[in-house]
Amino acid sequence: MKRHKQCSVHKLLGLICFLLGSVSAAPSFAVHGAWFLSEAGMNCNTLIAAETGYEKFDGATKITTSYPTRFVCPIALAGRQTPSEDYHSRTHLSARSRYAAINVIDNHALQDFHCQAIAKFKDGSESFSAQVSSQGTGPQTLILRLNGLNGSQNKEWGGDLQNNQHKELEALSYFCVAPAQDENNWFASSAIIQYSVALCYGSGQCTGPFNEARDGSDAREATVSVSANECYVPHQLSSVGRAQLHIYGWKNIEQNGSNLSWPSVLCPISVPAQDSYPHRMLLSQGVVTLSDPQQARCVVGYPGAQTGSFSDGVAFEQQGGGLPGDVFMNSVLSVPIDSSPVLKCDLAPGQNFYGAQFNISRTETNQAP
Amino acid sequence: MNPFKHERARVKTRLSIFAFIFSSIFTAQSQADGEHTFNGDNIINVPDNLCRGAGENSLNVSKVISGNPAKFFVADNQVVRVQCPLPMRAANGYQRSHNAYNLNNIKEISIVTQGLESGSGIIGICEAFFSYALPYVGLAQGGRRVVSNRQLHTTTWSEPFTFATNKTRIFNYGVECEFHSDVEVMSLQMIIGDEEHH
């Protein structure tokens, strides 16, 4: 009888262990550590709009000045859903983060990139992080903030941002002084390819590693709209057609001109905030709406992190269906995590670019970045 | 001792343990789901230094960025037109099979400006707008708001909106302002409710 009881107790303990094991082995998608926000390097602006000596044709910001140039790279603090417990408080926007970095290519033998974060808070104050610099030449990632795996390789914000990171955040940007064009290397400009931050979720824990795999099993593709006024028309010289931004988008106001002189509209695509885990993205079902789809000349791609050059462009074509003026991506684009997608359209004389839309999916959520 | 009674008691004990374990599991799961239920607002803080010149004089708009705010300088007897985008970044952490946001759920759009010249009075007019497919391109505007020269002037559009729309395709959208005096765009913000919980 005693043996029978022991046996029952053992069975029950085994069952409990099995059930507890099942619970702990269940997918941990319900835990949200941080939102990973990334921006195309072309979103960086010089402090004075009229300043020349940089270009954005490839979706990166490439520096061609003969002197070091200052850039501000803003982050759109959107796409971070509030946790239910913060629903009424709305105090969850802060600079607490697990990761913050800028991908650059330093092609100057003697000068470096120097970058730091600037946080602007609701109370009107501003705080700066410590400055980080590039090391040597070539492509590299400047780490401003990092929660390393198992607590190793941690890097804090530093500066006065370190003590103020809990304050309510209004805007977050990176400020960089970029090296000049190296006069001994005219064929390779330094460039800002992409920049990102993993902002912590709500007021909860912020101690996990930045690349913790937490994407939910229900994470699917999102439809992303590209507003025409997020786009940029580089160097509008008098020799090429001129485009103007109106309430209906960008329009080439020239009535004629050869197809070699169509102005380019470059649109950074605001990719979805990724749930804790930065990963490669697939762009599909892209559609651009123009006034004259028969003269469409659009391509979507991204600046390569190693070269800064526009890579893997996917063209658009008329396929029937959709809205009048629609042209569609003719295949899928896969974008690596160290870059951001950019849409480029050349506008024929009289052409109007209204806007664009893409489906962007999660992929490879359980693989290392 | 009735063996059936003993068996019933054992079964009852086991059932209580199962009930306890399962209730613990479901409690834990529902707490986790509580974290996973995004029923809050999306507060979109827009990088105001992305505001840019628009209209016929867009090439000549003089803009200086100081930290995050953007300053726009206006020559005497001139007017500058500025557009500020509202980047509606989606969240990939949960199901969003349609638009990043449903425009019907916009609760508030606000822009904060500061006059840079002395004096008082009106220095411009701002309007929130969305262009969308009808299927031909249409325009919804939120109403023109006067901007005064005072320090930190907040211009707000809030519910009910005249531009509320669930159009599935939106093109150019944001806030457009016309200024006739030097001004600094201090901040731009949109609050939009979660599409799936309204």
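Quick notes on this structure:
- Extended-chain gain in nm, criterion 0.36 nm per residue less alpha-carbon gap, residue A:133 and residue A:187: 17.2 nm
- For the set A:122/B:107; A:120/A:167; A:62/B:71; A:251/A:344; A:120/B:71, the pairs lying more than 21 angstrom apart at their alpha carbons are A:62/B:71.
- Burial ranking of peptide ranges B:118-125, A:291-298 (average Cβ count within 10 Å, highest at the top): A:291-298, B:118-125
- Evaluating 6.51 cos²θ - 1.76 cosθ + 1.60 at θ = phi - 60° for every residue in the range A:281-297, the Karplus couplings come out as 10, 10, 9, 9, 6, x, 9, 10, 10, 10, 6, 10, x, 5, 9, 5, 9 Hz, glycine and proline recorded as x.
- Proximal charge balance of residue A:137 [Cβ under 12 Å; K/R count +1, D/E count -1]: -3
- Only Cα pairs under 8 Å and 6+ residues apart enter the sum, and on that basis the relative contact order of the range A:266-369 stands at 44 percent.
- Close amide H contacts of residue A:311 (hydrogens built in the peptide plane, cut-off under 5 Å, sequence separation of 5 or more or a different chain): A:302, A:304.
Only the coordinates and a few stated rules stand behind these numbers; no lab work does. Fair warning: this is a prediction, and the values are worked out from it, not measured in the lab. Positions of Cβ are backbone-derived with ideal geometry, glycine not excepted, and every protein chain shown enters the neighbour counts.
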